[in-house]
Amino acid sequence: PMANVSGLTLLAAVVTAAGLHVPSRPPARQAPSLNDPAANTAAIFNFEYYADKQVQAQQLAAQQGLPAPPLQEVVLADPFLVRYAVLNPSQSTEYLQQTGLPMLRSTLCLLEKNLAPGLLHDLGTLPTYVIYTDNFSHEAVKLLMSDIPAIQNRINLINLDLDEEDVSRMAPFSSLQLDDVDAASVRRTLADAKYLPSNYARLLLGTDISFLNAPVGLLQEIVSLKPGQAMYMLDDKIVGEGYYKIPGFAGPQCQGLLGDFVYLTPSVHLTAENLVSKMTWYATQPLDSERVSPQCALCDDPARSRGLHAIDQFGMAMALGEAVHGAENCFILGTTYYGNLPAAEVRSSLEGAHDRIISNCVAT
């Protein structure tokens, strides 16, 4: 096993052998130190797994009487954090086994297959996963992740039920009677402020996101963004003239933001206090057609969290607008290749979709 990442060399064929087809990569940058205080959150690239692949590639070349593939130095850039959550407050075994775990496996598998190679090629790094769990889901998620050897050293599971600050973060919402979906969405968003260092790039995803093809457009946008800017998928289900906004809020907003797909560049600093203040302010607004413009009928439905469905999304739209210092630093992914679509409307040309499907992708 190779414990020291500094100057580690790997075969160029290693990446291909591992299923990540990368023709070339930019000049290497210094990898983060293993002594980095954030290392327990931003676990570093799985060197041992790819070292094993190097040995296999050497053996295969020898067996076939071929020259050994040339060595290529691989030193990773700063971590690229991808956040998911599998929270199950109702402790429903049916939900966990039929929805929660299959959707996590599907979205993570598709991301490793389609996004990870591009991240390695364009940014010189691979995704590091931060997955929030609770007491009911933690062991099941841990077992599921153990079946995917390629990402073992790039996963950090965080059981929010063991976080003493979680109760106080959620206290302002205790009287709102949010349903399980909205409560979990608020909980993961507030946890991000603690567990995702703002000096790293962060991709905040719901498990209902699918990377269907190589996300060329996404990577181009990521490379073009400046520190302190943000990008997100458009919530085009709130239909009307222009992107949705919260008319009663006087500050800057990231209009049209979909809470299940948000990318934050380094230096975007979202605090739990700011998020809580925006969400609780939203909860005090009259439940009428003027609260969100264009009106979101689903969000106003009294049967969905007493009319507070997507409270996390609207709070994020306002808090993020402030965090990036103005709406001009909020960018929307092009809808040609990214869509908030039901599974029946997903197009083969899409790079990514908020499609809520469970794919047959096979993780290795």
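The values are calculated or read from the model by the stated rules, or taken from the named source; none is laboratory data. Since the structure is predicted, the reported quantities are computational estimates derived from the model, not experimental observations. Cβ coordinates were reconstructed from backbone atoms using ideal geometry, including for glycine residues, and neighbour counts include every protein chain displayed. Ligands, DNA and RNA are excluded from the accessible area calculation, which covers all protein heavy atoms including side chains. Shrake-Rupley method; radii C 1.70, N 1.55, O 1.52, S 1.80 Å.
Some observations on this one:
- Odd one out for I151, checked against (1) open to solvent by 40 Å² or more (accessible area, probe 1.4 Å); (2) over 14 Å from the mean Cα position of the chain (by Cα): (1)
- Residues that are in contact with a helix residue (DSSP H, G or I) (Cβ under 7 Å, 6 or more places away or on another chain), in a helix (DSSP H, G or I) and touching a residue at least 24 places away in the same chain (Cβ under 8 Å), drawn from the stretch 166-182: D166, R169, P172, F173, D182
- Residues of the stretch 294-309 satisfying the condition of being open to solvent by 50 Å² or more (accessible area, probe 1.4 Å) and more than 30 Å from N360 (Cβ to Cβ): Q295, A297, D301, P302, A303, R304, R306
- Residues that are among the acidic types (D, E) and under 16 Å from T189 (Cα atoms) within the stretch 277-321 comprise just one, D312.
- Residue match in the stretch 249-257 (condition: touching a strand residue (DSSP E or B) at 6+ places or on another chain (Cβ under 9 Å) and over 20 Å from R202 (Cα atoms)): yes
- Of all residues in the stretch 271-291 being assigned to a loop (DSSP other than H, G, I, E, B) and touching a helix residue (DSSP H, G or I) at 6+ places or on another chain (Cβ under 6 Å), the one that is modelled with the lowest pLDDT: L287
- When A43, A57 are checked against the criterion of being farther than 19 Å from K142 by Cβ, hydrophobic (A, V, I, L, M, F, W, C), modelled with pLDDT under 75 and touching a strand residue (DSSP E or B) at 6+ places or on another chain (Cβ under 8 Å), a single residue qualifies: A57.
- One residue alone among L196, L120, L126, L190 is under 14 Å from L108 (Cα atoms), crowded, with 19+ Cβ neighbours inside 10 Å and in contact (Cβ under 8 Å) with a residue 12 or more places away in the chain, and that residue is L126.
- Selection over the stretch 280-293 of residues that are of a type outside the set (D, E, K, R) and surrounded by 15 or more Cβ atoms within 10 Å (Cβ to Cβ) gives a count of 6.
- Of residues in the stretch 199-242 being touching a Leu at 6+ places or on another chain (Cβ under 9 Å) and of a type in the set (D, E), the one least open to solvent (accessible area, probe 1.4 Å): D235
- Test for A85: is it open to solvent by 20 Å² or more (accessible area, probe 1.4 Å), touching a helix residue (DSSP H, G or I) at 6+ places or on another chain (Cβ under 7 Å) and at pLDDT 95 or above: yes
- Check on T133, without any contact (Cβ under 8 Å) to a residue 60 or more places away in the chain, under 16 Å from the mean Cα position of the chain (by Cα), farther than 15 Å from L205 by Cβ and open to solvent by less than 10 Å² (accessible area, probe 1.4 Å): yes
- Selection status of S277, open to solvent by less than 10 Å² (accessible area, probe 1.4 Å), over 22 Å from L203 (Cα atoms) and polar (S, T, N, Q): no
- Any hit, the stretch 199-216, residues being in a helix (DSSP H, G or I) and either modelled with pLDDT under 95 or at positive phi (or both): yes
- When residues of the stretch 81-127 are limited to those that are β-branched (V, I, T) and touching a Pro at 6+ places or on another chain (Cβ under 9 Å), the one nearest to Y195 (Cα to Cα): V82
- Residue count, the stretch 310-364 (criterion: in a helix (DSSP H, G or I), in contact with a helix residue (DSSP H, G or I) (Cβ under 8 Å, 6 or more places away or on another chain) and open to solvent by 60 Å² or more (accessible area, probe 1.4 Å)): 1
- For the stretch 243-274, filtered to residues that are among the charged types (D, E, K, R) and under 14 Å from M318 (Cβ atoms), the residue that is most open to solvent (accessible area, probe 1.4 Å) is E273.
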